[in-house]
Amino acid sequence: SSRNLASYCLLSVPIISSMKSSQKLLALCMGLLGVSLNAVSESCPDHKNASSVLLQRGYLASVTNLERGTASVQGCKNCCNDGTKVVPCFDVEECAADGPAKGRYAFIFTYTGGPPANFLPHIEHAAKQTHGASTFDLILLMHKDDAKRLNTEQKQRMSAYNVQLKEVDWAVPPNMKFTRKENWCGSQDFVRLHALGLEGYDAVAYYDTDIQFQGDVTPVLRCAARDRFLTTNGGVGEALNVGFFAIKPSSALLQAALAFARLADYDEITGWGGSGWKPCGGYYPGGECGQGFFHHLFYKKENKVSQAAFAEAGIAPGSFVAKQIDRCTWNYQTSEDCKDFDCSRVRAHHKPTRPLADPKECLKFGQTWTNQTKH
C-alpha cells in the first residue's frame, strides 16, 4: 500500500551510505510519500493539514538523518585540499563502485640504501587483499645497487609472499634541477616515482613499508583505475603525505614527473616552481622532498612549471584529475584531526608505530595503549 511504501522510504533513507544514492532515494521517496499523503488528503479533507505537517516533518527528519550519515563518512574535518584550499574529501568508495570488474593491480613498496632488519613487516596483510576476480601483485622497487644488499633471509621473505623485485637505474631523477648532497630525503622519496610508469596495470598503489592494512584497501585501486590520482594529507601539517598514493600508471605520467624535476627549482619560501605552500601557511616537513614535489606537480594546477611538464609529456590540460581522500580511514597518521575516530574504520594504519599519549589513538594490530605505555 502507499502507506507502507511511504513508511519504507522514510526508514530506508538514513541507512544509505552513499551520499548521491541516498539523495536520489530521498527525492523519490518523498515524492511517493507526497503522492500518497495527497491522496489521503483528498479523500479525507479533515486530515489535509495533518498530512501536510506529516510530509514536512518526515522530510525534515529524513534530511537530518541523511546529513548525519554523510557527516559520519568523513573522519577528519580539515584534511583534504585541492592544491590551494581545504575541500571535502573525495568519496573513494563511490568512485570505486564503477571501477573495473576484473582489474590487474599492484601494491608498490620501496627501500633505499641497506634493507632494514625489520624487512617488509606488514607484507602478510597486503598479500591477503582480494576483490572478486581481480589480481594483485606485490612489487618492491629498489635501485639496482641497493638490491645487491638484500640478504638470504630477506629474499626468502619476498619469495614466501610472492613479492617481485624490480630494480631501477636511478633513485633521484637524472638532471634534477634541485638536489642536496646531504640531510635530504630525496632518494627515498623520488625512487617511488618509478611507480608512475608501471604500465600494464589498471592501477597501482604505493605504500610506505610501515603501513599496516587493517581492512579492505582495494577501493583506492578500483577508483584510481578510473584515471584518478589519490593521496591524503599528513599528520604533522603536510599538504600531502607521500607515504601513500594510488594512480593509473603511464609512461606519460613518469615523463611529466621527470620534466618537472628538470624544470622546477625549489626554495623554502616559494616551494617548487614558485607556486607557494597553500593551503598551508608555509613550509611543511618533507616539502623539499617528495611531499612538496608531488603536491606542487599534481595539485597546483596554476603552477606554470607543472603545466609545462604536463604539456611536454603530451597530457592535455584538465585531463589529469587529482583528489584527496580521508586520511583517518585510508592513511591513518595519529589522532590529529581524527579525534575519537572509530578505529574499526581504519583501512590502512600508518602512524603511530607505537602508542603515544592519546589513549583513544588507533594502533597497529596487537598493540594496546595501557600495556605499551608502561614500558
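All of the numbers you see were taken from the coordinates with simple rules; none came from a lab. The shown structure was predicted, so the numbers you read here are calculated from the model rather than taken from an experiment. No Cβ is skipped: glycine too gets one built from the backbone with ideal geometry, and neighbour counts run over all protein chains shown.
From the square roots a ≥ b ≥ c of the eigenvalues of the alpha-carbon gyration tensor of the stretch 206-301, which class results: rounded (a/c under 1.5), prolate (a/b over b/c), or oblate?
Note, shape of the stretch 206-301 comes out oblate.
I'd like the Karplus ³J(HN,Hα) series for the stretch 341-347: coefficients 6.51, -1.76, 1.60, θ = phi - 60°, whole numbers in Hz, and an x wherever there's a Gly or Pro.
So the J values, rounded to whole Hz, are 6, 6, 5, 5, 8, 6, 9.
What does DSSP give for the stretch 168-324 in terms of the percent of beta bridges that are antiparallel, rounded to the nearest 5?
Antiparallel bridges: around 65 percent, rounded to the nearest 5.
Which three extents, in angstrom, do the Cα atoms of the stretch 65-202 have along their principal axes, listed largest first?
Largest to smallest, the principal-axis extents are 57, 40, 29 Å.
Ordered by residue, what ³J(HN,Hα) values in Hz, to whole numbers, does the stretch 102-111 give under the Karplus form 6.51 cos²θ - 1.76 cosθ + 1.60, where θ = phi - 60° and Gly and Pro are x?
In residue order, the calculated couplings are 9, x, 10, 10, 8, 9, 10, 10, 9, 9 Hz.
Could you work out Rg/(2.2 N^0.38 Å) for the stretch 284-375, with Rg from alpha carbons only?
Taking N as the residue count of the stretch 284-375, the ratio is 1.50.
Using amide H atoms built in the peptide plane, which far-off residues or other-chain residues are under 5 Å from Asp137 H to H?
Tyr105, Ala106, Phe107
Report the Cα centroid-to-centroid distance between the stretch 291-330 and the stretch 203-275 in angstrom, as an integer.
Spelled out, the Cα-based centre of one part sits 9 Å from the other.
For Val168, what residues show an amide H to amide H distance below 5 Å, using hydrogens built from the backbone and excluding near sequence neighbours?
Residues meeting the amide H criterion: Met142, His143, Lys144.
Show me, for the stretch 221-233, the HN-Hα J-couplings you get by feeding each phi into the Karplus relation (A = 6.51, B = -1.76, C = 1.60, θ = phi - 60°), rounded to Hz, glycine and proline as x.
Taking θ as phi minus 60°, the curve returns 6, 5, 6, 4, 5, 8, 6, 10, 9, 10, 9, 10, 7 Hz for the stretch 221-233.
Which distance in nm do the two modelled labels at Glu302 and Ser344 give, with both placed 7 Å along the Cα-to-Cβ direction?
If labels sit at Glu302 and Ser344, their model points lie 4.5 nm apart.
Which residues' amide hydrogens lie under 5 Å from the amide hydrogen of Val87, considering only partners 5 or more residues apart or on another chain, with H built in the peptide plane?
Cys80, Asn81, Asp82
With N denoting the number of residues in the stretch 182-230, provide Rg(C-alpha) divided by 2.2 N^0.38 Å, to two decimal places. Mind showing how you got there, number by number?
Details: Rg = 13.0 Å, N = 49, 2.2 N^0.38 = 9.7 Å.
For the stretch 182-230, the normalised Cα radius of gyration is 1.35.
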